[in-house]
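Report on the structure given below.
The values are calculated or read from the model by the stated rules, or taken from the named source; none is laboratory data. In this text the structure is predicted, and so the values were computed from the model without any measurement. As a convention, Cβ positions derive from the backbone with ideal geometry for all residues, glycine included, and neighbour counts pool all protein chains shown.
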């Protein structure tokens, strides 16, 4: 079957990179392309995202992330006058943060791995950020690192400060800056993600209305995401593999509890246990990802079944200890 084959190598042509939002091409968010694989018919169909209701039925459960995107990038300077970008990733206990130091490169920035613990950066309006230790701390304090545990001292609360002086994180393939509204999903209610939870971006209020009117249930989860994976040219060292998925903060919203009660008679014990785990360990993203994986596998959308099959084959091909 076509769906059972796994593509082990793929090179994306530069012309096909998503360098701008669909709105820049005169399209609505839900007019982006959607590839649907039918496992039973061994077929592939090209569609648009607004066609999603064709593959979801009454009683299906759609899990959405209500996290909003922060203006998580800040311009910073050192005592010697060098300019950098700080990408705030995740708030840690004690009001510390994990962040990435990047060197400005024209309209974008590039990774900078030569900074060390003890470095202090000046921020707008008298703020400053001090690097305390590599994150995670694998070697010594003098070790190079992509992510750092840092003390960020700014006037007022950090989210409000980012609203005033920050800007959305973007990488070299995005050729021009876009307003922060382009980085928000229709489900966003609480800011906290360093980068947009992009799986929800193609949804529009009209599409959600169509889904709900068909009887599709919506369960909200709050999962604040950190900075994205390493850039293509960065070497996959052992430390990079361990830090390529920064920590995430999560919480199950009340809607998840309602959905759990509504579906209690139809879910088996395993699905209920996974949803309970996402509630009991609110600071751990693993249980929520397991919960999302299970819901995805249960969905009637055949493209979701393809994702599940792909994960199974991918897990069989990759070494057991490799960090994804």
If you go through segment 203-221 one residue at a time, do you hit one that is assigned to a helix (DSSP H, G or I) and in contact with a strand residue (DSSP E or B) (Cβ under 6 Å, 6 or more places away or on another chain)? no
Take the residues of segment 101-138 that are in contact with a helix residue (DSSP H, G or I) (Cβ under 8 Å, 6 or more places away or on another chain) and modelled with pLDDT under 90: which is surrounded by the most Cβ atoms within 10 Å (Cβ to Cβ)? 136
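Given the criteria surrounded by 20 or more Cβ atoms within 10 Å (Cβ to Cβ) and assigned to a loop (DSSP other than H, G, I, E, B), does residue 145 qualify? Even if it seems obvious, please write down each step before you answer.
On the way: surrounded by 20 or more Cβ atoms within 10 Å (Cβ to Cβ): yes; assigned to a loop (DSSP other than H, G, I, E, B): yes.
Yes.
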Test: residue in segment 34-42 that is under 22 Å from the mean Cα position of the chain (by Cα) and more than 24 Å from residue 217 (Cβ to Cβ): yes
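So if I check each of 66, 78, 90, which one is farther than 28 Å from residue 219 by Cβ and in contact (Cβ under 8 Å) with a residue 12 or more places away in the chain?
So the residue among 66, 78, 90 that is farther than 28 Å from residue 219 by Cβ and in contact (Cβ under 8 Å) with a residue 12 or more places away in the chain is 78.
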Among the candidates 64, 36, single out the residue that is over 30 Å from residue 176 (Cα atoms) and either in a strand (DSSP E or B) or touching a strand residue (DSSP E or B) at 6+ places or on another chain (Cβ under 8 Å) (or both). 36
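Yes/no matrix, rows are residues, columns are (1) out of contact with any helix residue (DSSP H, G or I) (no Cβ under 8 Å at 6 or more places or on another chain); (2) in the same structural domain as residue 203 (by TED's automatic domain parsing); (3) crowded, with 19+ Cβ neighbours inside 10 Å:
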site	(1), (2), (3)
42	no, yes, no
45	yes, yes, no
51	yes, yes, no
89	yes, no, yes
93	yes, no, no
99	yes, no, yes
Take the conditions at pLDDT 95 or above, assigned to a loop (DSSP other than H, G, I, E, B) and within 18 Å of residue 70 (Cα to Cα) and apply them to residue 155. Does it pass? yes
Which listed residue, of 165, 161, 112, 183, is farther than 30 Å from residue 24 by Cα and under 23 Å from the mean Cα position of the chain (by Cα): 112
